[in-house]
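Chemist: The structure is given below, and queries will be raised subsequently.
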């Protein structure tokens, strides 16, 4: 091992190197679609709650009706 020599070699590759731009765009689109879906579900739930308050005759009537439905009274 005393007479070991260091040899530098250079290898060439023809592989295409990409920077991942396409995957970043796809990931952003998925996050955007997920946020839009969450917003739609939130808007739908708020509209259902408002419709329930109107149908029950007010917020207090909605709460008492809900409590009665859950407990079975």
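Just so you know, all these numbers are worked out from the coordinates, no wet-lab data involved. All figures in this text were calculated on a predicted structure; none of them were measured in a lab. Reconstructed Cβ throughout: ideal geometry from the backbone, glycine too, with neighbour counts over all protein chains shown.
Chemist: Mind ordering 59-69, 22-32 by average Cβ neighbours within 10 Å, highest first? Mind dumping the intermediate values first?
Modeler: Details: 59-69: 11.8, 22-32: 10.1.
Answer by packing, highest mean first, reads 59-69, 22-32.
Chemist: Follow-up. Along the three principal axes, how long is segment 30-71 when you take its alpha carbons, biggest first, rounded to the nearest angstrom?
Modeler: Dimensions of segment 30-71 along the principal axes of its Cα atoms: 42, 21, 10 Å.
Chemist: Which length gain, in nm to one decimal place, applies between residue 45 and residue 25 when the Cα-Cα distance is subtracted from 0.36 nm times their residue separation?
Modeler: Working: separation 20, 0.36 × 20 = 7.20 nm, distance 3.03 nm.
Here the segment from residue 45 to residue 25 would lengthen by 4.2 nm.
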